[in-house]
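Q: Take a look at this one; I'll ask things after.
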Amino acid sequence: MAKTTNLSLWIGALLLGAGVNGFAEDVTFGEAVTGGKAYLNFNLRYEGVDEDNVLEDAAATTLLTRFGYRTGVWNGFSAHVEFEDSRIVLGGDEFSVPPTGFNTGQYSVVADPETTELDQAYVQYASPTQAYKIRVGRQIISYDSQRFVGAVPWRQDWQTFDGVHGEFKGVDNLTVKLGHIYKRNRIFADMRDINSSDNLLDVSYQLPFGSLGGYAYLLENDDLPSNALDTVGIRFKGSTDLDSVKLLYKLEFATQDAESTAGNFDADYLGAEFGVGFEPVTVKVGVEVLGSDGGNYGFSTPLATLHKFNGWADLFLATPTAGLEDRYLSFSGKVEKFKYTVIYHDFASDSSATGVDDFGDEINFLLTRPIGDRYSFGLKYAAYSAGDAAGGKVDTDRVWTWFSAKFQ
């Protein structure tokens with residue numbers, strides 16, 4: 001699975017087609033630099049965890065401060081710099097972050113380490129018609145639902161990437177995204193960042209009744225010997241209005257080749273979802289299958305926003321070697337200014353080779369409310385029941401409450 005094609009070269013070729021001419025001299029370079037916009041965001045959050053094991057219950061209170069600056073545009077060029085700081089506050093330090101060594105083995109895990117980081121720092125060029133755009137530097141890269149590539153915005157320390165990323169919209173209804181990542185800045189401060197040689201291609205075409213897309217995510221972890229992960233897939237999603245009812249649908253399939261010192265493995269992915277939206281409720285039913293290679297390997301998505309999928313209790317951030325089938329039913333809507341979501345998950349293995357079939361079930365609940373344009377608060381709860389044969393999982397309850405403020 002050697003990667004002989006560097007997608008960043010393709011991006012360069014697109015830029016040559018765009019050129020740097022055609023811009024009106026609206027501002028000088030100095031005016032672009034000083035005439036940008038600054039912003040400041042806060043997120044104060046409590047997270048509590050109760051697991052049916054020997055670990056002490058976790059109680060974490062953390063404050064995220066994110067501040068940044070976006071310059072104006074000069075001849076198509078602009079820049080963006082952003083810092084983030086996550087601190088333990090109000091004495092809420094009773095939790096564990098094993099990847100950083102914080103309280104390892106004492107409390108349940110809350111993946112919000114203390115850190116101060118340069119979160120984003122990139123230069124962007126956009127063509128006069130916005131048909132081409134490229135970013136070079138540290139940046140957020142998120143595709144579609146973030147099932148394969150995302151920023152993990154739920155955690156206090158977001159995931160960003162060092163590399164080059166381009167987007168092409170020069171043909172009606174067609175969007176092409178290309179990226180090359182040479183470092184993954186993960187959610188555990190800088191202690192578990194990964195040097196990589198990742199190439200990304202994501203293409204979508206808008207049809208009257210939905211979006212048809214395809215992708216190839218060719219990942220390579222440079223910090224481990226013989227560690228490559230190639231995923232190729234296709235997806236279709238859309239909606240159709242029928243009088244007062246909206247039909248929602250999504251279908252996705254992918255195949256994956258994994259190469260490591262443990263051997264070479266193949267696994268497939270299948271996602272299907274159907275929903276009906278009518279005031280004031282949207283109901284969705286779906287299934288997601290992360291396949292297994294004979295019980296020896298489970299389909300993997302290491303760049304994803306994993307918390308968003310397979311239950312908020314975070315029991316399946318790493319796919320079991322037996323694979324995972326997640327059948328779910330969700331209800332969401334709005335009452336006054338309150339938005340709510342309720343989800344039920346039923347988990348099972350994809351392969352019976354390991355002798356484990358039942359992976360338990362989980363109920364999720366979310367309630368949020370904005371306060372004006374700047375403030376918001378939320379309450380979130382996840383209750384996982386391990387069932388009879390959960391493959392080492394234990395009953396787990398997680399609860400969150402938070403208050404956020406945005407100034408920009």
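Q: Any idea which residue in the range 324-340 is farthest from Thr301 (Cα to Cα), counting only those that are surrounded by fewer than 16 Cβ atoms within 10 Å (Cβ to Cβ) and not basic (Lys, Arg)?
A: Only one residue tops the list, namely Glu336.
Q: I need the full set of residues from the range 93-112 which are open to solvent by less than 10 Å² (accessible area, probe 1.4 Å) and out of contact with any Leu (no Cβ under 6 Å at 6 or more places or on another chain), in order please.
A: Keep residues of the range 93-112 that are open to solvent by less than 10 Å² (accessible area, probe 1.4 Å), which gives 95-97, 108, 110, 112.
Result: Phe95, Ser96, Val97, Val110, Asp112.
Q: Something else about it: Asp85 fails exactly one of the following numbered conditions: (1) acidic (Asp, Glu); (2) open to solvent by 10 Å² or more (accessible area, probe 1.4 Å); (3) within 19 Å of the chain's Cα centre (by Cα). What is the number of that condition?
A: (3)
Q: Out of Ser196, Ser211, Ser204, report the one residue that is over 19 Å from Leu251 (Cβ atoms), more than 17 Å from the chain's Cα centre (by Cα) and open to solvent by less than 50 Å² (accessible area, probe 1.4 Å). Outline the logic, then answer.
A: Values: Ser211 fails: over 19 Å from Leu251 (Cβ atoms); Ser204 fails: over 19 Å from Leu251 (Cβ atoms).
Result of the check over Ser196, Ser211, Ser204: Ser196.
Q: Identify, from the list Phe316, Phe407, the residue that is under 29 Å from Thr62 (Cβ atoms) and open to solvent by 50 Å² or more (accessible area, probe 1.4 Å). Lay out the reasoning, then the answer.
A: On the way: Phe316 fails: open to solvent by 50 Å² or more (accessible area, probe 1.4 Å).
On inspection, the qualifying residue turns out to be Phe407.
Q: Filter the range 41-59 down to the residues that are outside any strand (DSSP E or B) and either touching a residue at least 40 places away in the same chain (Cβ under 8 Å) or on the phi > 0 side of the Ramachandran plot (or both), then identify the one that is least open to solvent (accessible area, probe 1.4 Å).
A: Checked the range 41-59; the qualifying residue least open to solvent (accessible area, probe 1.4 Å) is Leu55.
Q: For the range 251-283, which positions are outside any strand (DSSP E or B) and within 23 Å of Phe359 (Cβ to Cβ)? Steps first, answer last, please.
A: Pass one, the range 251-283, residues outside any strand (DSSP E or B): 261-262, 279-280.
Listed by number, the list holds a single entry, Ala262.
Q: Can you tell me which residue within the range 94-153, out of those that are within 24 Å of Asp230 (Cα to Cα) and among the polar types (S, T, N, Q), is nearest to the chain's Cα centre (by Cα)?
A: My answer is Gln146.
Q: Return yes or no: is Gly286 open to solvent by less than 60 Å² (accessible area, probe 1.4 Å) and in a loop (DSSP other than H, G, I, E, B)? Show your work before the answer.
A: Working: open to solvent by less than 60 Å² (accessible area, probe 1.4 Å): yes; in a loop (DSSP other than H, G, I, E, B): no.
No: the conditions fail for Gly286.
Q: Across the range 317-361, what is the total count of residues that are part of a loop (DSSP other than H, G, I, E, B), more than 20 Å from Ala262 (Cβ to Cβ) and in contact with a strand residue (DSSP E or B) (Cβ under 9 Å, 6 or more places away or on another chain)?
A: 3
Q: Do any residues in the range 371-400 that are farther than 19 Å from Asn53 by Cα have Cβ atoms under 9 Å from those of residues that are open to solvent by less than 50 Å² (accessible area, probe 1.4 Å) and part of a loop (DSSP other than H, G, I, E, B), where the two are at least six apart or on different chains, and which pairs are they?
A: Lys380/Trp312; Tyr381/Trp312; Trp400/Trp312
Q: Is the range 234-249 home to any residue that is in contact (Cβ under 8 Å) with a residue 60 or more places away in the chain, of a type outside the set (Asp, Glu), under 22 Å from Gln146 (Cβ atoms) and open to solvent by less than 30 Å² (accessible area, probe 1.4 Å)?
A: yes
Q: Hey, could you check the range 299-313 for residues that are part of a loop (DSSP other than H, G, I, E, B) and open to solvent by 20 Å² or more (accessible area, probe 1.4 Å) and say which is farthest from Ile140 (Cα to Cα)? Before you say what the answer is, go through the steps one by one.
A: So in the range 299-313, the residues part of a loop (DSSP other than H, G, I, E, B) come out as 299-305, 309-313.
Next, only the ones that are open to solvent by 20 Å² or more (accessible area, probe 1.4 Å) stay: 300, 302, 309, 312.
On the way: Ser300: 20, Pro302: 15, Phe309: 19, Trp312: 22 Å.
Checking each candidate, the answer is Trp312.
Q: I need the full set of residues from the range 371-408 which are assigned to a strand (DSSP E or B), among the basic types (Lys, Arg) and under 30 Å from Pro320 (Cα atoms), in order please.
A: The first filter runs over the range 371-408 and keeps only residues assigned to a strand (DSSP E or B), leaving 371, 375-385, 396-407.
From the residues that got through so far, the ones that are among the basic types (Lys, Arg) too are 380, 398, 406.
Result: Lys380, Arg398.
Q: What strands (runs of 3 or more DSSP E) lie completely within the range 60-166 and have 1 or more residues being farther than 27 Å from Phe29 by Cβ?
A: Working: elements: 77-94, 115-126, 132-139.
Hits in the range 60-166: 77-94, 115-126.
Q: For the range 342-357, which residues satisfy the criterion of being surrounded by fewer than 16 Cβ atoms within 10 Å (Cβ to Cβ) and at pLDDT 95 or above?
A: Matches in the range 342-357: Val342, Tyr344.
The values are calculated or read from the model by the stated rules, or taken from the named source; none is laboratory data. Computed from a prediction, not measured in an experiment: that's the story for all the values here. Here Cβ is always computed from backbone atoms with ideal geometry, including for glycine, and neighbour counts include all displayed protein chains. For the accessible areas, the whole protein counts, side chains as well, though only heavy atoms, and no ligand, DNA or RNA atoms are used. Shrake-Rupley method; radii C 1.70, N 1.55, O 1.52, S 1.80 Å.
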